[in-house]
Amino acid sequence: MSRCAGCLCTTPTTPCSTRRVLLSSRVAHSLATVRSIARRRGTPLTALAPGLLEARGDDLEALVTEAAAALSSVEAAEVRCLLTGVEGTGPDLLAQALTAPSLGSAAARLRHADLVPLFADEPGRFHAEYQRIVRLGDGGTLGHEALLRATAVDGSRIMPDQLFPAADEAGWTHVLDRVGRTTAIRDAGPWLADDLLFINFVPTSIYRPEVCLQTTERAAAEAGLRMDQLVFEVTEGHVIEDVDHLDRVFAHYRERGCRVALDDLGSGWSSLALLVRLQPDIVKLERAIVQALPGPAARAVVQAVVDITHSYGGLVLAEGVETEQQAAIARELGCDLGQGWLWGRPVRPELPAPAGTALPAGGPDPSWPDAAVAVDPHAAPEAPEPPPVPEPGSGAAELLVRAVGLTGSSVVVVDATAPDMPIVYVNAAFTEQTGYSAAESLGRNCRFLQGPGTDRDTLDDVADALAAGRPFRATLLNARKDGSTWWNELHLSPLHDAAGRLTHYVGFQHDVSDRVVAEEALRERAGTDPLTGTANRTALLTELDRQVHVPGVGPVVLFVDLDGFKGVNDRFGHAAGDSVLRIVADRLRQVVRSRDLLARLGGDEFVVVLADVDQPADDGPASALAAGLAAAHRVAADVQRVLADPVELLPHGSVVVGASVGVAIHPADGETALELLRAADLQMYRAKARRAQGLSATPG
């Protein structure tokens, strides 16, 4: 197999034998581009109906490939392409047309035709490798994750990062996903015993779980595996737009005794919303987070995920563990399970020659959904729904034109050539999402969706992109007709005519409110010290870095180090020390204003940042510095006062933990956040040397 741009491109092994192609679109300039290419190639085109073109000839594969390359990705996804041997425009043609792939997918199927022989010999070409999953508590084996592999016709090895992108482009992900599930089960049957089997799946490839997952259940029965041994995991790398559908898939698995998991949590923010919503049985932390341990940011993220998952009884798995140190820290932070090279790389068990059923000769059906992903061809099919009946006076071709381009996503199209870019089209999903009917939306600029909370800077960025005629992506707080708000992930794509002139913009809108709320929750947790509830080092440095770039005097930094705290830990243990730190944090909150920042830097070190120091009347730099230092020393005195009182430490009695405080002010003592912290730290050590205070304890 050749390697072309990282995919599986070779000369198609199953070239198109048809001499007829139907191309349909509601966008006039897309078909204008197709006409131009056909004229240049000498391929005859006939208009069967508005928006419907027919091409006949001997080299239609080249026409499809060149047209897909000439159009933008949005245009190629909107145009439908039917390669057919059916003549006329009757019901048989309509039945094929309604499941025809997009032009982009049709071209991809020609590029990736070398997938077809793999699917045609499924048991011989696909196999699974397995990586061990252990319990961090005792190191025992809990289960194994199955990883799909393939062998090309020439004997070379094909990895998932080649297989899945190629299948996704061709519209065959549902076939490959089914192969992955059944192969994992088939190859594990002879040796798995009572261990768990972790299986990845793509939820968008499952149309209706009670039908599409019959092959999975049948494979488990044939392999002699119990359903309660199976753990189905969905990775954050897959975009989940319909969480309700994923919830139904998870519910279907759980009803049959299986467990469900979220994989790669931490590689993006989206899966936190899934974690809160779906409460999976197992959460797998993304390897980059685990391998960043013991870094403070990684520790904070892991701790937050552990806290959320354990709150509903789930388990956390640390993925990508390579060292004993990583395993120890993950265990310390509360992770339950581990996976990685520390316990072994993926291996292929020795198995007898596989016996299975390949797909029907000729490979995947070019329409979708593919029957092979649903049920066994010998199983009794469900009663089909009756075909749609064309309205009186409308032909099959006209019905086809109306059927093309329907989508469940919210879509809005604006006229880029008219003043103020008015809306010229909205679909049903838009009206459902916003509450505005088509009549209330057409002719208006999209700004009527904005509300008081919509970020002005982001709107300026949108305006700049529209003026420049370039694509843009942003997340905006929009308002519905009833006044409620929602976070809109907006994708804007420009459309050009055959001459290259910008004519329209297409906007795709997705409600990501759950994700945004979850992101904010995780960011807050990631910036919080889990022991004291104060800000942590990461949040402190971020806020200090912001404040030092504000013109003028300030911020003022107080570095607080506890005196005699080590004696508490040494004498009474770390649990007692943790209690003291929590009490100290509560007392410090009493002397700082709500607008100031209190952070625990680590160990027994705290930092107070005074953000906006009152300025003197003359407002000069020298007097401003003096005012800032005066305010800092007042707060430092308050800190020492509240920490001088004994701390009740039951059942040990009371302890006295004082504090040494150092002060630094921007810009006199440092230009950057780290320079300010170092200066305040140095002043603190000088103060500690002067105080030379020890620990006193009074028996209770």
Of the numbered conditions (1) of a type in the set (A, V, I, L, M); (2) touching a His at 6+ places or on another chain (Cβ under 8 Å); (3) modelled with pLDDT of 85 or more, residue 167 satisfies every one except a single condition; which is it? (3)
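Could you list, in sequence order, the residues of the range 25-40 that are under 17 Å from residue 77 (Cα atoms) and either of a type in the set (Val, Ile, Thr) or not in a helix (DSSP H, G or I) (or both)?
25, 26, 27, 33, 34
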Scan the range 553-586 residue by residue and report those that are open to solvent by 10 Å² or more (accessible area, probe 1.4 Å), under 40 Å from the mean Cα position of the chain (by Cα) and in contact (Cβ under 8 Å) with a residue 40 or more places away in the chain. 578, 579, 582, 583
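Quickly run through the range 136-181 and pick out the residues that are of a type in the set (Asp, Glu) and not in a helix (DSSP H, G or I). Walk me through how you get there before you give the answer.
So the first thing to find is which residues in the range 136-181 are of a type in the set (Asp, Glu), and the list is 138, 145, 154, 161, 168-169, 177.
Within the range 136-181, 138, 145, 154 meet the criteria.
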I need a count of the residues in the range 41-72 that are part of a helix (DSSP H, G or I) and closer than 17 Å to residue 497 by Cβ. 2
Counting only residues that are assigned to a loop (DSSP other than H, G, I, E, B) and either without any contact (Cβ under 8 Å) to a residue 24 or more places away in the chain or open to solvent by less than 60 Å² (accessible area, probe 1.4 Å) (or both), how many does the range 485-500 have? 3
Could you go through the range 124-134 and let me know if any residue there is over 25 Å from the mean Cα position of the chain (by Cα) and assigned to a helix (DSSP H, G or I). yes
Only one of 260, 231 that is in contact with a helix residue (DSSP H, G or I) (Cβ under 7 Å, 6 or more places away or on another chain), modelled with pLDDT of 85 or more, among the hydrophobic types (A, V, I, L, M, F, W, C) and within 19 Å of residue 309 (Cα to Cα): 260
Just wondering, is there one or more residues in the range 306-325 that are touching a strand residue (DSSP E or B) at 6+ places or on another chain (Cβ under 7 Å) and part of a loop (DSSP other than H, G, I, E, B)? yes
Condition check: assigned to a loop (DSSP other than H, G, I, E, B), at pLDDT below 90 and surrounded by 22 or more Cβ atoms within 10 Å (Cβ to Cβ). Does residue 360 satisfy that? no
Give the range 173-189 a look and list any residue that's open to solvent by 10 Å² or more (accessible area, probe 1.4 Å) and touching a helix residue (DSSP H, G or I) at 6+ places or on another chain (Cβ under 8 Å), or say none. 173, 178, 182, 186, 189
Is the range 446-454 home to any residue that is closer than 16 Å to residue 513 by Cα and touching a Lys or Arg at 6+ places or on another chain (Cβ under 6 Å)? no
All positions within the range 421-454 that are in contact with a helix residue (DSSP H, G or I) (Cβ under 9 Å, 6 or more places away or on another chain) and loosely packed, with under 14 Cβ neighbours inside 10 Å: 428, 437, 438, 447
When the range 541-552 is checked residue by residue, the ones that are open to solvent by 10 Å² or more (accessible area, probe 1.4 Å), in contact (Cβ under 8 Å) with a residue 24 or more places away in the chain and of a type outside the set (Val, Ile, Thr) are 541, 543, 545, 547, 552
Residue that is nearest to residue 331 (Cα to Cα), among those in the range 152-171 that are open to solvent by less than 40 Å² (accessible area, probe 1.4 Å) and more than 22 Å from the chain's Cα centre (by Cα): 158
Note on the range 661-693: residues among the hydrophobic types (A, V, I, L, M, F, W, C), in a loop (DSSP other than H, G, I, E, B) and buried (at least 19 other Cβ atoms within 10 Å of the Cβ) are none
If only one of 482, 415 is among the acidic types (Asp, Glu), at pLDDT 50 or above, surrounded by fewer than 15 Cβ atoms within 10 Å (Cβ to Cβ) and more than 30 Å from residue 181 (Cα to Cα), which one is it? 482
Hits in the range 651-660 - residues which are in contact (Cβ under 8 Å) with a residue 60 or more places away in the chain, assigned to a loop (DSSP other than H, G, I, E, B) and surrounded by fewer than 22 Cβ atoms within 10 Å (Cβ to Cβ): 652
I'd like to know if the range 421-436 contains one or more residues that are outside any loop (DSSP other than H, G, I, E, B), within 28 Å of residue 25 (Cα to Cα) and in contact with a His (Cβ under 6 Å, 6 or more places away or on another chain). no
Does the range 126-139 contain at least one residue that is within 19 Å of residue 320 (Cβ to Cβ) and among the aromatic types (Phe, Trp, Tyr)? yes
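The values are calculated or read from the model by the stated rules, or taken from the named source; none is laboratory data. As the structure is a prediction and not an experimental result, all values here were calculated from the model. Using ideal geometry, Cβ is built from the backbone for each residue, glycine included, and neighbour counts are taken over all protein chains shown. In case anyone asks, the SASA skips ligands and DNA or RNA and just uses the protein heavy atoms, side chains included. Shrake-Rupley method; radii C 1.70, N 1.55, O 1.52, S 1.80 Å.
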